[in-house]
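Below: the structure, in structure tokens.
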Amino acid sequence: MEQIVRILDIHNVTHNVKQFIVEKPDGFTFTPGQATELSINQPAWENQKNPFTFTCLTGEHFLEFTIKIYSDHPGVTNHLGELEVGDELILREAWGAIEYKGPGYFIAGGAGITPFIAILRNLHQQGAIGDNKLFFSNKTDQDIILADELKSMLGENALFTITNQKDSVHDQRRINEDFLKAEIKDFSKHFYVCGPDPMVQEITGILEKLGAKADALVFEK
């Protein structure tokens, strides 16, 4: 089912990430972690469907998407970066395999943090963040999406790793087997993994090798 929704607000989160606040149709529902396919409601763009994750809480009266803008090639996200308040998107039903199944470790690379934003906000609102931990890898300090909010929700359990900035104030290890062995104390917990496909394949493979159960690995298959 397709519904046309107006953009209510746009603001910058980082140098290349924007948040879009859009109308929420009556009765529209999603589970934190899920995504939808969006199109831009303009000729030549309306049939180009791209997946984007909801980052708002389910009870909000609007929908929010946190989107990395790739301005180096003329695709959908580049054009999204040129849109203004009042422009329209085509919204479709929610889908996705990423949802909260129990305490554990969230492992994200770059824009792969987006499904975890709604999950962590929801847990935080319920006072149920508990001992969940986040490992979030980016190239530079300025690439970290919602760093302050993630730190405020998770405290010391938010660990940012930076791979391409020598003077970073954060950890500079890659999230690899050595990192996971050093940082994970309990491989019987749930593992939530999202990021570029090669990263997801590598990390889920390492986690299984280190003893994580296949049904405790939560990622978009």
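So that you can scan it fast, the table gives a plain yes or no per residue for (1) modelled with pLDDT of 95 or more; (2) in a loop (DSSP other than H, G, I, E, B); (3) surrounded by fewer than 15 Cβ atoms within 10 Å (Cβ to Cβ):
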{"residue": "Val13", "(1), (2), (3)": "yes, no, no"}
{"residue": "Lys18", "(1), (2), (3)": "yes, no, no"}
{"residue": "Gly27", "(1), (2), (3)": "yes, yes, yes"}
{"residue": "Gly33", "(1), (2), (3)": "yes, yes, no"}
{"residue": "Thr36", "(1), (2), (3)": "yes, no, no"}
{"residue": "Cys56", "(1), (2), (3)": "yes, yes, no"}
{"residue": "Phe65", "(1), (2), (3)": "yes, no, no"}
{"residue": "Val85", "(1), (2), (3)": "yes, yes, yes"}
{"residue": "Ala97", "(1), (2), (3)": "no, yes, yes"}
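Filter segment 153-164 down to the residues that are of a type in the set (S, T, N, Q) and open to solvent by 40 Å² or more (accessible area, probe 1.4 Å), then identify the one that is nearest to Phe136 (Cα to Cα). Give the derivation first.
Initial filter on segment 153-164 (of a type in the set (S, T, N, Q)): 157, 161, 163-164.
Remaining after also requiring open to solvent by 40 Å² or more (accessible area, probe 1.4 Å): 163-164.
Values: Thr163: 11, Asn164: 14 Å.
By that ranking, first place goes to Thr163.
Being open to solvent by less than 10 Å² (accessible area, probe 1.4 Å), free of Cβ contacts under 8 Å to residues at least 60 places away in the same chain, more than 24 Å from Asp197 (Cα to Cα) and of a type in the set (Val, Ile, Thr): is that true of Ile40 here?
Working: open to solvent by less than 10 Å² (accessible area, probe 1.4 Å): yes; free of Cβ contacts under 8 Å to residues at least 60 places away in the same chain: yes; more than 24 Å from Asp197 (Cα to Cα): yes; of a type in the set (Val, Ile, Thr): yes.
Considered against the rule, which asks whether it is open to solvent by less than 10 Å² (accessible area, probe 1.4 Å), free of Cβ contacts under 8 Å to residues at least 60 places away in the same chain, more than 24 Å from Asp197 (Cα to Cα) and of a type in the set (Val, Ile, Thr), Ile40 comes out as yes.
Among the residues of segment 141-152, is any crowded, with 17+ Cβ neighbours inside 10 Å, aliphatic (A, V, I, L, M), over 15 Å from the mean Cα position of the chain (by Cα) and at pLDDT 95 or above?
no
Looking at segment 92-114, I want the residues that are touching a residue at least 12 places away in the same chain (Cβ under 8 Å) and have a partner that is of a type in the set (Asp, Glu) with Cβ atoms under 7 Å, at least 6 apart or on another chain. Which pairs are those?
Filtered contacts from segment 92-114: Arg92/Glu2; Arg92/Glu37; Gly96/Glu220; Ala97/Glu220; Ile98/Glu220; Pro103/Asp131; Gly110/Asp143.
Please state which one of Asp215, Asp186, Asp178 is loosely packed, with under 12 Cβ neighbours inside 10 Å, at pLDDT below 95 and part of a helix (DSSP H, G or I).
Working: Asp186 fails: part of a helix (DSSP H, G or I); Asp178 fails: at pLDDT below 95.
Result: Asp215 is the single residue among Asp215, Asp186, Asp178 that is loosely packed, with under 12 Cβ neighbours inside 10 Å, at pLDDT below 95 and part of a helix (DSSP H, G or I).
Please enumerate the residues belonging to segment 67-83 that are part of a loop (DSSP other than H, G, I, E, B) and either under 27 Å from Phe116 (Cβ atoms) or touching a Leu at 6+ places or on another chain (Cβ under 7 Å) (or both).
Matches in segment 67-83: Ile69, Tyr70, Ser71, Asp72, His73, Gly75, Gly81, Leu83.
Mind listing whichever residues of segment 38-51 are more than 20 Å from the chain's Cα centre (by Cα) and either among the charged types (D, E, K, R) or in a loop (DSSP other than H, G, I, E, B) (or both)? Explain how you work it out, then say what you get.
Step one: list which residues in segment 38-51 are more than 20 Å from the chain's Cα centre (by Cα), which gives 40-48.
Listed by number, the residues that qualify are Asn41, Gln42, Pro43, Ala44, Trp45, Glu46, Asn47, Gln48.
Can you spot a residue in segment 112-130 that is more than 21 Å from Asp215 (Cβ to Cβ), among the polar types (S, T, N, Q) and surrounded by fewer than 16 Cβ atoms within 10 Å (Cβ to Cβ)?
The answer is yes; a qualifying residue exists.
Does Ile90 satisfy being among the β-branched types (Val, Ile, Thr) and either buried (at least 22 other Cβ atoms within 10 Å of the Cβ) or within 19 Å of Ser152 (Cα to Cα) (or both)?
No: the conditions fail for Ile90.
Does Val169 satisfy the criteria of being of a type in the set (A, V, I, L, M), more than 18 Å from the chain's Cα centre (by Cα) and at pLDDT below 95?
On the way: of a type in the set (A, V, I, L, M): yes; more than 18 Å from the chain's Cα centre (by Cα): yes; at pLDDT below 95: yes.
Answer is yes for this residue.
The values are calculated or read from the model by the stated rules, or taken from the named source; none is laboratory data. Keep in mind that this is a model prediction, so the values were computed, not measured. Using ideal geometry, Cβ is built from the backbone for each residue, glycine included, and neighbour counts are taken over all protein chains shown. Heads up: the accessible areas ignore ligands, DNA and RNA and are worked out on the full protein's heavy atoms, side chains in. Shrake-Rupley method; radii C 1.70, N 1.55, O 1.52, S 1.80 Å.
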